[in-house]
Amino acid sequence: MLEARDRIAGRTWLEPRMGRNLELGGTWVHWSQPHVWAELTRYGIGVVTAPEFEKAYWHADGRLHEGAPEELMAILDGPNRSFLAPSRRLIPLPYEPLTNPAVKEADQLTVAEKIDELGLDTVADELMRSFWALNFNGRIQDAAYTQALRWAAAAFHEWPVMFETCATYKVQGGTQALARAILDDCRATLTLNAPVAQVRHDEKGVVAVGRYGTEYTARAMVVTAPLHTLDGIRFEPELSAGKREAAERGQLGLGAKLWIKVKGRHERFVAMGPQEWPLNFVQAEYLDAESTTLVAFGPDGRSVDVEDAAAAQEILRRWIPDIEVLKVSGHSWVEDEYARETWPMHRAGYLSESLPELQRPEGRIHLAGSDYANGWGGFIDGAIESGFTAARTITEQLHVRQRQQGANPARRAG
């Protein structure tokens with residue numbers, strides 16, 4: 001195992017910050033996600049349930065609204081049911097998302113276009129756009145409608161289950177507990193601080209060349225680099241035109257996740273703002289005696305400074321005028337050379353035009369990760385699913401090779 005960073009687990013990262021262990025990257029899991037749930041069960045790791053919200057703020061139609069969280073959810077309920085209603089017809093099998101040929105036509109539609117078709121009132125329209133900008137952690141003008149349908153399909157075609165899956169249950173001990181359990185259970189040799197600059201491959205095997213010249217030889221390779229970093233590795237021979245085009249086109253998860261500690265013990269609240277705001281979603285995550293720790297998201301990572309407390313306070317005061325920010329913390333994933341993206345959420349056309357090619361082995365090279373999953377793309381579950389597929393394919397590939405060699409007397413003699 002070659003890890004470019006000084007730690008394992010990629011875009012999940014539990015780190016002591018602001019007096020707590022905070023998840024700077026991927027966080028949430030759910031029993032609707034079979035692959036990650038199986039791993040949690042395997043290692044006896046439980047989940048932590050988020051407490052119920054007590055208040056909601058939403059900024060829409062040019063003004064601030066306050067109410068019960070149920071009121072905010074009620075505004076989103078009908079539109080989301082209509083928006084996601086085609087999931088059962090178009091994606092009846094979430095782990096075989098191209099089963100229905102009609103999904104290819106739907107794959108050309110964007111989230112913004114489908115919301116346009118709903119003909120909603122101003123408040124519901126603005127909240128729907130903000131909600132899906134939150135889910136994509138990016139701009140929805142080019143966002144694949146099929147990506148939304150895939151999440152709904154994986155959540156039993158029920159949008160409340162999808163919503164619960166996205167932000168309710170955390171790994172007990174943090175995501176590092178699961179990553180460490182898997183690592184401790186495997187027999188691989190781990191090398192940290194080993195970014196790969198070049199990969200040479202042929203029908204016999206693969207050679208990975210590290211940035212500092214060290215070479216590693218194997219019979220096959222699983223490349224777990226995120227889509228936006230594939231062009232940072234030189235493949236010889238180069239990857240197929242379809243894979244290169246997909247990497248160049250990229251995906252839309254290019255937003256921000258920010259932790260904010262504010263003065264005073266606030267009631268547990270959730271807040272939504274227009275999709276254009278640098279932070280369009282905030283929720284109170286941890287309540288202490290004299291402070292409250294919030295987690296916030298925005299659709300454009302380059303518009304959020306993870307060290308600028310004053311900027312965060314200016315945004316928060318659009319909901320709560322007297323709120324006082326003490327500290328902020330986060331990680332700029334879009335500036336991280338080993339990520340260049342947050343969770344993968346794809347553009348229109350990706351499912352039908354790019355995903356099958358990205359999943360196709362390139363000789364002895366296999367791509368794996370949440371970017372390349374069939375089901376819960378954008379989640380830890382998708383990364384595990386994709387890894388299972390790559391491992392199975394490699395095993396079959398190597399066994400076929402061994403059988404072919406065993407059947408050839410000349411090769412046995414050689």
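The values are calculated or read from the model by the stated rules, or taken from the named source; none is laboratory data. This structure is a prediction, so every number in the text was calculated from the model and none was measured. Glycine also receives a Cβ, built like all others from the backbone with ideal geometry; neighbour counts cover every protein chain displayed. Protein only, heavy atoms only, side chains kept; ligands, DNA and RNA dropped before computing areas. Shrake-Rupley method; radii C 1.70, N 1.55, O 1.52, S 1.80 Å.
Considering the conditions (1) closer than 28 Å to Met162 by Cα; (2) surrounded by fewer than 18 Cβ atoms within 10 Å (Cβ to Cβ), Met345 is excluded by exactly one of them, (2). Only a single criterion out of (1) under 20 Å from Glu337 (Cα atoms); (2) assigned to a loop (DSSP other than H, G, I, E, B) is not satisfied by Ala247, namely (2).
Out of Leu84, Leu93, Leu64, one residue alone is open to solvent by 50 Å² or more (accessible area, probe 1.4 Å) and within 30 Å of Glu353 (Cβ to Cβ). It is Leu93. Going by what's in this entry, would Glu307 be described as touching a strand residue (DSSP E or B) at 6+ places or on another chain (Cβ under 9 Å), under 19 Å from Lys55 (Cα atoms), open to solvent by 60 Å² or more (accessible area, probe 1.4 Å) and of a type in the set (Asp, Glu)? Considered against the rule, which asks whether it is touching a strand residue (DSSP E or B) at 6+ places or on another chain (Cβ under 9 Å), under 19 Å from Lys55 (Cα atoms), open to solvent by 60 Å² or more (accessible area, probe 1.4 Å) and of a type in the set (Asp, Glu), Glu307 comes out as no. Only one of the listed residues (Leu355, Leu287) is in contact with a His (Cβ under 9 Å, 6 or more places away or on another chain) and surrounded by fewer than 19 Cβ atoms within 10 Å (Cβ to Cβ). That residue is Leu287. Annotation: of all residues in the stretch 299-336 being in contact (Cβ under 8 Å) with a residue 60 or more places away in the chain and out of contact with any Lys or Arg (no Cβ under 7 Å at 6 or more places or on another chain), the one that is farthest from Ala256 (Cα to Cα) is Ile320.
The residue of the stretch 189-223 that is most open to solvent (accessible area, probe 1.4 Å), among those that are closer than 22 Å to Ala339 by Cβ, touching a strand residue (DSSP E or B) at 6+ places or on another chain (Cβ under 8 Å) and in a loop (DSSP other than H, G, I, E, B), is Arg211. Those residues that are open to solvent by 40 Å² or more (accessible area, probe 1.4 Å) and assigned to a loop (DSSP other than H, G, I, E, B), I need them from the stretch 10-41; list them, please. Answer for the stretch 10-41, where residues must be open to solvent by 40 Å² or more (accessible area, probe 1.4 Å) and assigned to a loop (DSSP other than H, G, I, E, B): Arg11, Trp13, Gly19, Trp31. In the stretch 366-392, of all residues being among the aliphatic types (A, V, I, L, M) and buried (at least 18 other Cβ atoms within 10 Å of the Cβ), the one that is farthest from the chain's Cα centre (by Cα) corresponds to Ala390. Residues of the stretch 255-285 that are within 14 Å of Lys327 (Cα to Cα) and more than 20 Å from the chain's Cα centre (by Cα): Ile260, Lys261, Val262, Lys263, Gly264. Residues of the stretch 102-142 that are in contact with a strand residue (DSSP E or B) (Cβ under 6 Å, 6 or more places away or on another chain) and of a type in the set (Val, Ile, Thr): Thr110, Val111, Val123. A residue that is of a type in the set (Asp, Glu) and either open to solvent by less than 30 Å² (accessible area, probe 1.4 Å) or in a loop (DSSP other than H, G, I, E, B) (or both) occurs nowhere in the stretch 160-171.
Restricting attention to the stretch 178-188, report how many residues are open to solvent by 30 Å² or more (accessible area, probe 1.4 Å) and under 13 Å from Tyr43 (Cα atoms).
The total comes to 5.
Would you confirm whether any residue within the stretch 335-351 is small (Gly, Ala, Ser) and assigned to a helix (DSSP H, G or I)? Can you show your working first?
To start, the set of residues in the stretch 335-351 that are small (Gly, Ala, Ser) comprises 339, 348-349.
Then drop every residue that is not assigned to a helix (DSSP H, G or I), which leaves none.
No, the stretch 335-351 contains no residue that is small (Gly, Ala, Ser) and assigned to a helix (DSSP H, G or I).
Among the residues making up the stretch 230-266, a single one is open to solvent by less than 10 Å² (accessible area, probe 1.4 Å) and polar (S, T, N, Q): Gln251.
Filter the stretch 310-337 for residues that are within 22 Å of Gly138 (Cα to Cα) and open to solvent by less than 30 Å² (accessible area, probe 1.4 Å) and give the result.
Ala312, Ile315, Leu316, Trp319, Val328, Ser329, Gly330, Trp333, Val334, Asp336 - these are the residues of the stretch 310-337 that are within 22 Å of Gly138 (Cα to Cα) and open to solvent by less than 30 Å² (accessible area, probe 1.4 Å).
Being open to solvent by 10 Å² or more (accessible area, probe 1.4 Å), out of contact with any Pro (no Cβ under 8 Å at 6 or more places or on another chain), farther than 25 Å from Trp277 by Cβ and outside any loop (DSSP other than H, G, I, E, B) is a description that applies to Lys104.
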